[in-house]
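*Asks:* Pasting a structure here, questions to come.
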Amino acid sequence: MSILRKVVRQLIKESVYSTDFSKIDWMIGKLGLLDHNVEIVIDHNHEAGNDLVIEIMSVKLQDGRKRRKSMAILKIDESWGNCLNAYEVSWSHVRYKWKKLGIGPLMYEVAIEYITQEYGVGLTCDRKSLSDKAFPVWKKFFERSKTDPEITTELLDFSHGPKDKKFTPNNELDDCDETTSADWFMALKTNDWWSDEGPTDEFRKWWAEEDPTSRVYKKSPARTIETLKGLGMLRINK
């Protein structure tokens with residue numbers, strides 16, 4: 001881990017007074033300060049059976065053998081709907097011991113980069129439900145997309161409702177389940193999202209302008225993946 005510790009020291013030199021630990025470089029740096037090695041694994045053949053799994057693992061040498069233990073995991077599958085052929089997060093979890101380390105967003109960053117690079121499509125959130133811990137992650141990606149040209153988004157369309165309430169009524173390829181968006185709209189705005197005529201105008205406006213869950217996310221080039229490769233922290237299991 002000596003190389004990674006040098007990276008951390010350099011980051012500190014460049015930003016002595018910085019306390020912004022939300023940046024991906026700082027997340028990687030914090031992993032380098034742990035008392036054990038860390039691997040970020042991109043797994044196509046995980047025992048969970050998902051199409052793709054991103055897992056952060058601690059690696060300790062015991063009795064001459066590497067012992068790996070999961071710190072955090074992100075499970076991903078091809079979307080059930082059209083959804084612009086995007087991949088969809090099925091489940092994510094960070095073990096309690098590591099929650100304060102802030103490594104959750106790193107898994108999402110790697111996932112978006114890898115899916116963009118490997119398949120040419122994007123990643124979207126779980127279309128049926130989204131926890132109050134995961135919503136801010138997507139909100140952060142949406143905010144970053146407004147100023148970071150490497151992160152791009154594509155707006156999805158409703159899977160239900162009359163044609164005159166849809167954004168692209170003659171294109172079914174972007175139709176995607178709106179349950180997650182509807183739940184968060186009602187939680188944040190305390191208004192109903194549906195009327196006798198279909199999605200309300202307020203919900204349609206929020207979906208198009210503010211909702212981080214109504215989009216597919218892509219990121220290129222894969223800078224985080226290349227950084228992890230250079231540090232010897234990335235393993236891809238095909």
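*Asks:* Restricting to the stretch 51-80, name every residue that is closer than 30 Å to Glu172 by Cβ and crowded, with 18+ Cβ neighbours inside 10 Å.
*Replies:* Listed by number, the residues that qualify are Leu52, Val53, Ile54, Leu74, Lys75, Ile76, Ser79.
*Asks:* Listed residues Asp196, Asp192, Asp148, Asp174; which is among the acidic types (Asp, Glu), in contact with a Ser or Thr (Cβ under 9 Å, 6 or more places away or on another chain) and exposed (fewer than 14 other Cβ atoms within 10 Å of the Cβ)?
*Replies:* Result: Asp192 is the single residue among Asp196, Asp192, Asp148, Asp174 that is among the acidic types (Asp, Glu), in contact with a Ser or Thr (Cβ under 9 Å, 6 or more places away or on another chain) and exposed (fewer than 14 other Cβ atoms within 10 Å of the Cβ).
*Asks:* Considering the stretch 185-228 alone, what residues qualify as being closer than 19 Å to Tyr119 by Cβ, at pLDDT 95 or above and among the basic types (Lys, Arg)?
*Replies:* Matches in the stretch 185-228: Arg215, Lys218, Lys219.
*Asks:* Another one. Check off (1) surrounded by 14 or more Cβ atoms within 10 Å (Cβ to Cβ); (2) of a type outside the set (Phe, Trp, Tyr); (3) touching a Ser or Thr at 6+ places or on another chain (Cβ under 9 Å) for Glu202 and give me the number that stays unchecked.
*Replies:* Only one criterion in (1) surrounded by 14 or more Cβ atoms within 10 Å (Cβ to Cβ); (2) of a type outside the set (Phe, Trp, Tyr); (3) touching a Ser or Thr at 6+ places or on another chain (Cβ under 9 Å) is unmet by Glu202, namely (3).
*Asks:* Another one. Quickly run through the stretch 110-125 and pick out the residues that are buried (at least 21 other Cβ atoms within 10 Å of the Cβ) and touching a helix residue (DSSP H, G or I) at 6+ places or on another chain (Cβ under 8 Å).
*Replies:* Val110, Ile112, Glu113, Tyr114, Gly122, Leu123, Thr124, Cys125
*Asks:* Report those strands (runs of 3 or more DSSP E) wholly inside the stretch 50-128 carrying at least 1 residues which are of a type outside the set (Lys, Arg) and within 21 Å of Thr179 (Cα to Cα).
*Replies:* Per the criteria, 65-78, 87-94.
*Asks:* So Pro149 fits all but one of (1) under 15 Å from the mean Cα position of the chain (by Cα); (2) of a type outside the set (Phe, Trp, Tyr); (3) over 19 Å from Gly104 (Cβ atoms); (4) assigned to a loop (DSSP other than H, G, I, E, B); what number is the exception?
*Replies:* Tallying (1) under 15 Å from the mean Cα position of the chain (by Cα); (2) of a type outside the set (Phe, Trp, Tyr); (3) over 19 Å from Gly104 (Cβ atoms); (4) assigned to a loop (DSSP other than H, G, I, E, B), Pro149 fails exactly one: (1).
*Asks:* Examine the stretch 21-28 for a residue that is exposed (fewer than 13 other Cβ atoms within 10 Å of the Cβ) and among the aromatic types (Phe, Trp, Tyr), and state whether such a residue exists.
*Replies:* Within the stretch 21-28 (the criterion being exposed (fewer than 13 other Cβ atoms within 10 Å of the Cβ) and among the aromatic types (Phe, Trp, Tyr)), the answer is yes, since at least one residue qualifies.
The values are calculated or read from the model by the stated rules, or taken from the named source; none is laboratory data. Source: prediction; values computed, not measured. Neighbour counts run over all protein chains shown; Cβ positions are idealised from the backbone, glycine included.
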